[in-house]
1. Starting from the 7 Å offset along Cα-to-Cβ, what nm value, one decimal, do you get for the label separation of residue 27 and residue 103?
2. Per-residue ellipticity at 222 nm for the chain, helices alone: DSSP H runs ≥ 4 residues times -39500 (n - 2.57), over residue total, nearest 500 deg cm²/dmol?
3. Can you give me the relative contact order of region 118-158 as a percent, contacts being Cα pairs under 8 Å and 6 or more apart?
4. Taking the mean number of other Cβ atoms within 10 Å as a proxy for protection, how do you rank 186-193, 48-55, 175-182 from highest to lowest?
5. What FRET efficiency, computed as 1/(1 + (r/R0)^6) with R0 = 41 Å and r the Cβ-Cβ distance, is obtained for residue 207 and residue 91, rounded to the nearest 0.05?
6. Return the Rg/Rh ratio of region 1-113 with Cα-based radii and a Kirkwood Rh.
7. Which order do the peptides 120-129, 195-204, 14-23 take when ranked by the mean count of other beta-carbon atoms within 10 Å per residue, highest first?
8. So if I take the alpha carbon set of region 27-181, get Rg, then get Rh from the Kirkwood formula, what is the Rg over Rh ratio?
Ligand code: GRF
């Protein structure tokens, strides 16, 4: 396998970034070559530095508007010869020019079974709705909020206690498996968007775990 280069966008704690670094970085030709954030204080950036990965920050206050910020971020990513951009807890919506530039090459992890509970606080939404099963989705990034074509999904049962911390912990554990798995499938060239129906993403069966 040749080199497969990815960058991660993260706004917060970066446990998903850590899972990617621990499970994939430096193995089988997969390299995390950059981590960018909108939050200069994000713990994700510390994790990246610890792993010797280049970092950059794009705080909203440094730019006149979202398009200008997105353009700076896109240029930074564009210089890195990337195969994939991974949004792992990146809490900003990316504008249409950014999405168009990286279409099919950017994925996001969302803590619910989309199309249920898109947007903020998906875990809280699921609990408030009273579902018995929620989960994790990895999807391609499009212009909407958590609306892009679904790559992988896995269900997570809501614990009988309906305890938020416990559910969040279960969801995080699944995220930390599912997101690296999706990246590995991209690196193996096993992911293909259906040419006749761009909502459908095909995963080569032989590449599945
Ligand atoms: C994850 O639950 C992810 O699904 C959501 O934001 C959270 C990020 O967690 N979009 P972390 O920063 O990776 O720990």
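Only the coordinates and a few stated rules stand behind these numbers; no lab work does. It should be emphasised that the depicted structure is a prediction, and the values quoted were computed from it without experimental measurement. Every residue, glycine as well, gets a Cβ built from its backbone with ideal geometry; the counts of neighbours run over all protein chains shown.
1. 3.5
2. -10000 deg cm²/dmol
3. Values: 51 pairs, mean separation 16.7, N = 41.
Relative contact order comes out at 41 percent.
4. With the highest mean Cβ count within 10 Å placed first, the list reads 175-182, 186-193, 48-55.
5. Values: r = 31 Å, r/R0 = 0.75.
FRET efficiency, residue 207 to residue 91: 0.85.
6. Rounded to two decimals, Rg over Rh is 0.94.
7. The densest-packed peptide leads the list: 14-23, 120-129, 195-204.
8. 0.98
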